[in-house]
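Read through the structure below, which is laid out as structure tokens, and then see the notes.
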Amino acid sequence: MSDGDCLFCKIVAGDISADVVLETDSTVAFRDVNPKAPMHVLVIPKRHIATINDLSAGDEHLIGDLFLVAAKIADDEGFADDGYRVVMNCNAAAGQTVFHIHLHLLGGRSLGWPPG
Ligand code: AMP
């Protein structure tokens with residue numbers, strides 16, 4: 001299921017270009033257009049899900065897929081041992097701006113904690 005108004009659904013459909021790093025049956029991973037770290041990849045489900053609040057029972061496997069893809073990319077790009085961060089923002093207070101869930105994968109620099 002996709003949403004015709006959703007930017008990331010358009011990337012999944014190929015209607016908007018993206019620097020795709022990895023694609024699986026259920027996910028697409030592409031480089032963030034405004035990277036916050038030397039490696040900044042977004043891992044998204046192909047299916048439109050607006051926010052974490054919209055997840056349902058049955059989505060457990062799909063969410064696991066996002067993490068497995070992130071871990072593979074971190075390893076492929078050489079950040080597995082040094083460390084990296086994955087984070088998903090939910091709604092306005094967390095800074096979500098694109099309402100199609102996406103796992104941010106960040107690496108290649110020291111990352112402060114807690115995040116701002
Ligand atoms: P969030 O603020 O958590 O919703 O993150 C949305 C992310 O999508 C931001 O880091 C943006 O830089 C990124 N972004 C927006 N448009 C694009 C695009 N067309 N291609 C790649 N990344 C994008």
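The values are calculated or read from the model by the stated rules, or taken from the named source; none is laboratory data. Nothing here was measured: the structure is a model prediction, and the numbers come from that model. Here Cβ is always computed from backbone atoms with ideal geometry, including for glycine, and neighbour counts include all displayed protein chains.
Details
- Being in a strand (DSSP E or B) and modelled with pLDDT of 95 or more holds for only one residue in V12, V43, and it is V43.
- Matching entry among I49, I44 (being buried (at least 17 other Cβ atoms within 10 Å of the Cβ), among the hydrophobic types (A, V, I, L, M, F, W, C), within 10 Å of the ligand (Cβ to nearest atom) and in contact (Cβ under 8 Å) with a residue 24 or more places away in the chain): I44
- Any hit, segment 1-12, residues being touching a residue at least 12 places away in the same chain (Cβ under 8 Å), among the β-branched types (V, I, T) and away from the ligand (no atom under 13 Å from the Cβ): no
- In summary, L68 fulfils each of the numbered conditions (1) in contact (Cβ under 8 Å) with a residue 12 or more places away in the chain; (2) surrounded by 11 or more Cβ atoms within 10 Å (Cβ to Cβ) with the single exception of condition (1).
- Among residues of segment 19-34, those that are surrounded by fewer than 19 Cβ atoms within 10 Å (Cβ to Cβ) and either within 20 Å of T97 (Cβ to Cβ) or more than 12 Å from the ligand (Cβ to nearest atom) (or both), counted: 10
- Counting only residues that are touching a helix residue (DSSP H, G or I) at 6+ places or on another chain (Cβ under 6 Å) and within 16 Å of the ligand (Cβ to nearest atom), segment 62-97 holds 3 of them.
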